[in-house]
1. Would you point out the residue of the stretch 2-26, among those that are within 24 Å of Lys193 (Cβ to Cβ) and modelled with pLDDT under 90, that is least open to solvent (accessible area, probe 1.4 Å)?
2. Looking for whichever is surrounded by 17 or more Cβ atoms within 10 Å (Cβ to Cβ), without any contact (Cβ under 8 Å) to a residue 60 or more places away in the chain and on the phi < 0 side of the Ramachandran plot here; the options are Ala31, Ala100. Which one fits?
3. Which residues, counting only those in the stretch 130-151, are crowded, with 24+ Cβ neighbours inside 10 Å and not polar (S, T, N, Q)?
4. Is one or more of the residues making up the stretch 57-66 among the β-branched types (Val, Ile, Thr), buried (at least 23 other Cβ atoms within 10 Å of the Cβ) and not in a strand (DSSP E or B)?
5. From the list Cys75, Cys80, exactly one residue is at pLDDT below 95, open to solvent by less than 40 Å² (accessible area, probe 1.4 Å), in contact with a helix residue (DSSP H, G or I) (Cβ under 9 Å, 6 or more places away or on another chain) and within 18 Å of Leu162 (Cα to Cα). Which is it?
6. If I filter the stretch 212-233 down to residues being out of contact with any Gly (no Cβ under 9 Å at 6 or more places or on another chain) and open to solvent by 50 Å² or more (accessible area, probe 1.4 Å), which single residue comes out as nearest to Thr64 (Cα to Cα)?
7. Identify, by number, the condition in (1) open to solvent by 50 Å² or more (accessible area, probe 1.4 Å); (2) touching a residue at least 40 places away in the same chain (Cβ under 8 Å); (3) farther than 22 Å from Gln60 by Cα that Gly94 doesn't meet.
8. Criterion first (at pLDDT 95 or above and open to solvent by 50 Å² or more (accessible area, probe 1.4 Å)) does Asp185 satisfy it?
Amino acid sequence: KYNPLVNEEAASLNGFAGLHPNQDPKTAQGALEMLWELEQWLAEISGMDAVTLQPAAGAQGEYTGVMVIRQYHRCVSSECEQRTEMLIPDSAHGTNPASAAMAGYDVVVLPSSDEGLVDIDALKDAVGPSTAGLMLTNPNTIGVFEKDIEEITSVVHDSGGLVYYDGANFNAILGVVRPGDMGFDVVHMNLHKTFSTPHGGGGPGAGPVGVRSDLVDFLPVPRVIKNPDGSFDLDYDHPRSIGKVHGFYGNFGVLLKAYAYIYALGGE
């Protein structure tokens, strides 16, 4: 994990480090602008339409994403009680089954093929009216890229389920291909694995979650918004939101370090 010193310097600037989380948003415009811009950047990088920075770790990002899927089936497909199963390949990141179970789902494990990929026939046999979604790490935990990813996402979508991207190995595809282009609906990104922030060790982390446009209403509140006059605010008016998943708006100092890293590299 790469933790450049410039990140620490940016996070220790008085204008950021001296802020209090209970301040009136009008007095924290620079901080809100940073958060808003980081959301836009992560959305573009992942191929999603909107991002929340609240989750404090990759596993909490998983839980947040799965809860968004659950809320989608409750509010949009109206099949929340019917769709009780979350499909998870045996090559997925290890915390996926726990996150799905914590969200109330029954975990259905998909076997791997001889190539170490998702067995397409097993997937087709497993999907159905009970399928809420599929959680997938790509490349998977043995380091193999799921070359049939577009077929995989299509099979799940055809069954009425959603597809979740675990960003544990996102660093391997950064700048090459985006989860959104593969057909994923929900993505979590580990800032400590891909965007140079410290890897917690029990301390603060960050696992932002990105979603497609039809899932934006379900993201945690508050949302950072940019007003028509160019000012920024925290918006709690999202009645279909899954609610808060972290105090205030995530681990600000960690998010700032990721912002500094992306800013230093530039868009290209």
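The values are calculated or read from the model by the stated rules, or taken from the named source; none is laboratory data. Quantities reported herein were computed from a predicted structural model and do not represent experimental measurements. Positions of Cβ are generated from backbone atoms using ideal geometry, with glycine treated the same way; all protein chains shown enter the neighbour counts. These accessible areas exclude ligands, DNA and RNA; they are computed on the full protein's heavy atoms, side chains included. Shrake-Rupley method; radii C 1.70, N 1.55, O 1.52, S 1.80 Å.
1. We begin by selecting, within the stretch 2-26, every residue within 24 Å of Lys193 (Cβ to Cβ); these are 2-12, 16.
From what is left, the residues that are modelled with pLDDT under 90 are 2-3.
Numbers: Tyr2: 144, Asn3: 70 Å².
Out of the qualifying residues, it is Asn3.
2. One residue alone meets the criteria, Ala100.
3. Ala132, Gly133, Leu134, Met135, Leu136
4. Yes, some residue in the stretch 57-66 is among the β-branched types (Val, Ile, Thr), buried (at least 23 other Cβ atoms within 10 Å of the Cβ) and not in a strand (DSSP E or B).
5. Working: Cys75 fails: open to solvent by less than 40 Å² (accessible area, probe 1.4 Å).
Sole residue among the options that is at pLDDT below 95, open to solvent by less than 40 Å² (accessible area, probe 1.4 Å), in contact with a helix residue (DSSP H, G or I) (Cβ under 9 Å, 6 or more places away or on another chain) and within 18 Å of Leu162 (Cα to Cα): Cys80.
6. So the residue we want is Asp217.
7. (3)
8. Details: at pLDDT 95 or above: yes; open to solvent by 50 Å² or more (accessible area, probe 1.4 Å): no.
Here the answer is no, as Asp185 does not meet what is asked.
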